[in-house]
Structure formats: C-alpha cells, structure tokens
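Input: one structure, supplied below.
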Amino acid sequence: MRKKDPEVFQTVSDGLKKLYKTKLLPLEEHYKFHEFHSPALEDADFDNKPMVLLVGQYSTGKTSFIRYLLEQDFPGMRIGPEPTTDSFIAVMHGDTEGLIPGNALVVDPKKPFRKLNAFGNAFLNRFVCAQLPNPVLESISVIDTPGILSGEKQRISRAVNEHGPGYSEYRKCPYGGYDFAAVLEWFAERVDRIILLFDAHKLDISDEFSEVIKALKNHEDKIRVVLNKADQIETQQLMRVYGALMWSLGKIVNTPEVIRVYIGSFWSHPLLIPDNRKLFEAEEQDLFKDIQSLPRNAALRKLNDLIKRARLAKVHAYIISSLKKEMPSVFGKEGKKKELINSLGEIYSRIEREHQISPGDFPNLKKMQEQLNAHDLNKFQPLKIKLLDSVDDMLAHDIAGLMVLVRQEETNRPQQGVKGGAFDGTLNGPFGHGYGEGAGEGIDEAEWVVARDKPMYDEIFYTLSPVNGKVTGANAKKEMVKSKLPNTVLGKIWKLADIDKDGMLDDEEFALANHLIKVKLEGHELPADLPGHLIPPSKRKITAE
C-alpha cells in the first residue's frame, strides 16, 4: 500500500537524478547490475545536451556529414577515401577550439564520459573530445566513430591477425584491443539519436557492420538511416540501391515499423547527377527537423531510458535471486552452477510466467550465460522485495508526476531547436526548400499569379449561375469535387479561398480555389494560412484590416 504522495521536483533533470539515486540505484548495486549490463549513471548523464551518434563503414561520409552540419572544420578532423577516423571523437561546444584526450575526458565530472574508463587505455587512447565555439553545438553534441571495415578489407584485416595472439580475440576487439561493439552499446544507451550512414555508390553491409547494428538492439527507436552520396548514381539505380538497403536492414533490425531512411548527399560539393535535387532537398529538411527536435524531446528521452533501465534492472534482480536460491550452500557448487547456466532459458520462462514480464525485457540469453560463467553464484543476493517495491513505486507513481513536468518544460521551451550551421542555410530567402514552388509560386512577382489562368477559371465560373457576381457553396462544390480530392482537402481550400467568409465565392475567390486545387494536384502541400501574394488584389484591404 502506498504511504505517501509522489515527490515534487523543480525540474525533470533533478527529478530523474533523485529517483535514480534513491530508488533504482540501490536495486542495481544489490544485484551487481553494473557488472552485467551498464555502469551506474551520473549527474552528467541527466544534465548533458542531446547527443547524436554517427555509425557507418569507412568512407560513408560520417566526418563530412558533421562538417556539413557545422559548416566549419573541427579539431582532429580528417577526411579521405580510406579509413581516416580511427578514434571516437566527441564534437562538443567549447569557448576555445582544441582537443581533449580520452584520459582527461573521463575524469571531468561535467562531461558524461566518466564511466568509459572501464574500457581501459586501449580505448581511451582512441577517444578524444573536439571542442569549438559553434552555434550548432550549443544545442547538441555529435559523436564520430571509427569507420567500420567492409567486405574484402575486413577479411584481409582478420587474416593478418589469424596467426597472432588469437583470432577469436581479434574478432571481439578488431579496433586496437577494446570491445568496439560494447563501446557503441554504451553510447547507444545514452545518446538521443543514432544515425547509420550508408554509401549509395557502394552499398555493402559487412559482417562487422551487421554485428555493430545488432549491438544497437533495444535502441531501434533512436535509429535513423542516411543513404549518403546519392547524387553519384542515376534515379533507376538509386531505386534499386534503396530497395536493397531496406531488404538488408530488414534482416538485421527487428522493428515492427519500417526504419526511416533519408536519401541525399550531405557535403558542400556540386551534385554529380542533379536529377533528384528536389528529393534531396526534401529529405534533408526532414532530417534537419528530426535533429532539431532533439533538444525539445531530450527530457522525455531521458525519462524513457530510465524506465527501460528500471525494467531491465527488475528482471536482472529476479534472475540473480533465482540463481542464488537454487545454489547449494556446501557441496556440488560447480556442477550446479553449470546446470543452472545451461538451463537459464527455462529460468527466464519461469520468471516471465510468475511475474508477468514481457520477453522483450530480458537480457540476451547467450551473453548472460557467458557473463555468469565468470561469477560466483553463491555470492549473489536473495530476493529483497523492499528494493523491488521501491522501483515499482517509482514506475507507477513518480514517473507520472515527471511526465507532467516534461510537458510543462516542453511548453516553456522556445519552439526553435538546433540553430546555426546548415540548419540556418535554407530557412529564409529563395533557397529555402520549396521557395517559388506550389503555393509559393509567384511570391516575387508584382502581378497576382492566379491572374495567368483566371480567364480559363472565369469561363467555368459563369457556367455556375452566379448571383450578384458570386456562386453559392453548393454550386462551387459541384465543380470542385471534379478534382477528386478528398472533402477534407477541399474543405481546407474553401476556407483559404473564401476570404470575406460570406459562404460564397466571387470570380477572384473562385479562381484562387482552382489555383489551390492545381497546387495540390501537382503534389505540393497547402499552406496553413493564405500567403500574402495569393490574396486577390481587391481583397488585400480586407485582410489588412
């Protein structure tokens, strides 16, 4: 029975920190959660800016993509056809430009990287932070990763190591002595967006890359895919490449929805084949909107991640306590340990039934079995109901209070997300997406753009029996439905065209309605409000009042 009301917090970040430390962390520590799954969270994990993780095979344009967003070089940046980035580079905002090496990064309490010291010097020597004063980085940070080897290069690289310290060891740590997939998994848990980059010119998902994508399991909601360098191939070939990519991803990423793929060419060079320019512009704007939403949705993402972590921690506690319960206190410990590890799948099923837990909340069976081999099961703790009740209480009551605070913070935060760099490049002026097209056609012209086709629309208008220079809604409808557009769309067109709101259309309003129908039939979106250049000249005084 609940004894007290949910706690009240000033900010979402403060609430998450307190709930984690008081209710979830004790459960994690009691059942060695950090040794099996993920290090403990720190204040910086809740306070840091949204992060975008870029992952891809070598030469897919990851570093060029960052440069494209920032519109400037960053320290440590190298671009080339061969694998040039052999390090993890955290590109973050700083008052002065410079590089901070990994060993210094993991002792800085203000940076969210302290727990990366668990991966040792082999990793830290290949981890740097590039700091620079850039407006884009005031809202987000970007993590560049080493280019993943592909195809033939992967096989050659492994063959070279075959007679070395151990092929199987190399398979696990082909990136210089640290577990690349484990590091990626660590980042995936903490970032807000994971962007997988593919090269449209040479699509080849290597075994290495497949393993890396599988390591991102449970974070599919954060994944977006960019099919880069799409200007290097013809439209027909691009369709085939897109289809092949979707088919390949479908076998690796298990999601009920089709993963979102953005097609484009994300660098500042002229397009080699400009046929799909409009498509690339539209895709770029969609991707930019997705990235720009990150600061607004950061608190909700952190809340969601904490809930996912709490569910996993609960399941982990049930697994560990079940194993402890089955272990003998004196004789036959080793034999029983092997037996329990081998039957872990059955233990999973039993816990699932007893506690009504979803199968998706359980950790990977094979990985868990490997980890258990290295532990003394007798040192595990029995089930402590009080710790689980505390987490259940957090999930059932405190999280609901934080959700209200999340909505309040979102409402109070300015609507504009990420600013600067490429995000400002096409906001205003003639090079904004769709400028001068669709409803924007004629925006720079002195003459009313609808006047071009008005004589044709007038012929139809006078067949609809106008009275006092106006046609009724019923008569206008008979003509407008011939477009076969849905009533919802025609209703919006009517609302935009009936400028004086008298329920009828004069010849100018009727011409405007037909112009908007044409705009929609040509595949463009209708404006939310009628742009000034589309208002009929005789009505401009009405709208100005």
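Considering (1) open to solvent by less than 70 Å² (accessible area, probe 1.4 Å); (2) within 26 Å of Ala181 (Cβ to Cβ); (3) of a type outside the set (Gly, Ala, Ser), say which one Glu283 fails and leave the rest.
Of everything listed in (1) open to solvent by less than 70 Å² (accessible area, probe 1.4 Å); (2) within 26 Å of Ala181 (Cβ to Cβ); (3) of a type outside the set (Gly, Ala, Ser), Glu283 misses just condition (2).
Look through Ala122, Ala90 and report the one residue that is closer than 20 Å to Leu137 by Cβ and small (Gly, Ala, Ser).
Unique residue meeting the criteria: Ala90.
Of everything in the stretch 468-492 that's β-branched (Val, Ile, Thr) and farther than 18 Å from Asp458 by Cβ, which residue is most open to solvent (accessible area, probe 1.4 Å)?
Here the answer is Thr488.
Anything in the stretch 215-241 that is outside any loop (DSSP other than H, G, I, E, B) and either surrounded by fewer than 17 Cβ atoms within 10 Å (Cβ to Cβ) or modelled with pLDDT under 85 (or both)? List them, or say none.
Of everything in the stretch 215-241, those that are outside any loop (DSSP other than H, G, I, E, B) and either surrounded by fewer than 17 Cβ atoms within 10 Å (Cβ to Cβ) or modelled with pLDDT under 85 (or both) turn out to be Ala215, Glu220, Asp221, Gln232, Thr235, Gln236, Gln237, Met239, Arg240.
Continuing with this model, one more query. If a residue must be under 18 Å from Leu496 (Cα atoms) and either open to solvent by 80 Å² or more (accessible area, probe 1.4 Å) or among the basic types (Lys, Arg) (or both), how many such residues does the stretch 450-467 contain?
So the answer is 1.
Residue-wise test of (1) closer than 30 Å to Asn378 by Cα; (2) without any contact (Cβ under 8 Å) to a residue 40 or more places away in the chain.
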residue	(1), (2)
Leu24	yes, no
Tyr31	yes, no
His37	yes, no
Gln57	no, no
Gly102	no, yes
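I'd like the full set of residues that are under 20 Å from Lys539 (Cβ atoms) and in contact (Cβ under 8 Å) with a residue 12 or more places away in the chain, limited to the stretch 471-497.
Val471, Thr472, Gly473, Ala476, Met480, Lys492, Ile493, Trp494, Leu496, Ala497
Based on this model, can you work out whether Asn304 counts as surrounded by fewer than 16 Cβ atoms within 10 Å (Cβ to Cβ), under 23 Å from Asp43 (Cβ atoms) and either assigned by the TED database to the domain that holds Val52 or not basic (Lys, Arg) (or both)?
Against the criterion (surrounded by fewer than 16 Cβ atoms within 10 Å (Cβ to Cβ), under 23 Å from Asp43 (Cβ atoms) and either assigned by the TED database to the domain that holds Val52 or not basic (Lys, Arg) (or both)), Asn304 qualifies.
Please specify each residue of the stretch 51-65 satisfying the condition of being open to solvent by 10 Å² or more (accessible area, probe 1.4 Å) and not in a helix (DSSP H, G or I).
Hits for the stretch 51-65 are Gln57, Tyr58, Ser59, Gly61.
If I filter the stretch 349-366 down to residues being open to solvent by 80 Å² or more (accessible area, probe 1.4 Å) and of a type in the set (Lys, Arg), which single residue comes out as nearest to Leu383 (Cα to Cα)?
Among those that are open to solvent by 80 Å² or more (accessible area, probe 1.4 Å) and of a type in the set (Lys, Arg), it is Arg353.
Which of the residues belonging to the stretch 343-393 are within 17 Å of Phe33 (Cβ to Cβ) and outside any helix (DSSP H, G or I)?
Ile357, Phe362, Pro363, Asn364, Ala374, His375, Asp376, Phe380, Gln381, Pro382, Leu383, Lys384
Could I ask something else about it? Please determine, by comparing only the residues of the stretch 367-414 that are open to solvent by 80 Å² or more (accessible area, probe 1.4 Å) and among the hydrophobic types (A, V, I, L, M, F, W, C), which one is modelled with the highest pLDDT.
Restricting to residues being open to solvent by 80 Å² or more (accessible area, probe 1.4 Å) and among the hydrophobic types (A, V, I, L, M, F, W, C), the top hit is Ile385.
Can you name the residue in the stretch 26-39 that is open to solvent by 20 Å² or more (accessible area, probe 1.4 Å) and within 24 Å of the chain's Cα centre (by Cα) and is also farthest from Ser141 (Cα to Cα) among such residues?
The extreme case among them is His37.
Across the stretch 500-534, what is the number of residues that are crowded, with 20+ Cβ neighbours inside 10 Å and either among the acidic types (Asp, Glu) or assigned to a loop (DSSP other than H, G, I, E, B) (or both)?
Residues in the stretch 500-534 being crowded, with 20+ Cβ neighbours inside 10 Å and either among the acidic types (Asp, Glu) or assigned to a loop (DSSP other than H, G, I, E, B) (or both): 3 in total.
While we're here: Count, please, the residues in the stretch 254-271 that happen to be under 22 Å from Ser59 (Cα atoms) and either open to solvent by less than 70 Å² (accessible area, probe 1.4 Å) or not assigned by the TED database to the domain that holds Asp199 (or both).
7
So which pairs qualify, if the first residue must be in the stretch 266-288 and at positive phi, the second must be assigned to a helix (DSSP H, G or I) and open to solvent by less than 60 Å² (accessible area, probe 1.4 Å), the Cβ gap must be under 6 Å, and the two must be at least 6 apart or on different chains?
none
Going residue by residue through the stretch 197-214, is there one that turns out to be surrounded by fewer than 19 Cβ atoms within 10 Å (Cβ to Cβ) and among the aromatic types (Phe, Trp, Tyr)?
no
Given the structure, is Arg296 open to solvent by less than 50 Å² (accessible area, probe 1.4 Å) and either of a type in the set (A, V, I, L, M) or within 26 Å of Leu196 (Cα to Cα) (or both)?
When the stated conditions are applied, Arg296 does not pass them.
The values are calculated or read from the model by the stated rules, or taken from the named source; none is laboratory data. All figures in this text were calculated on a predicted structure; none of them were measured in a lab. Note that we place each Cβ from the backbone using ideal geometry, even for glycine, and neighbour counts take in every protein chain shown. When the accessible area is computed, the model is the full protein with side chains, heavy atoms only, and any ligands, DNA or RNA have been set aside. Shrake-Rupley method; radii C 1.70, N 1.55, O 1.52, S 1.80 Å.
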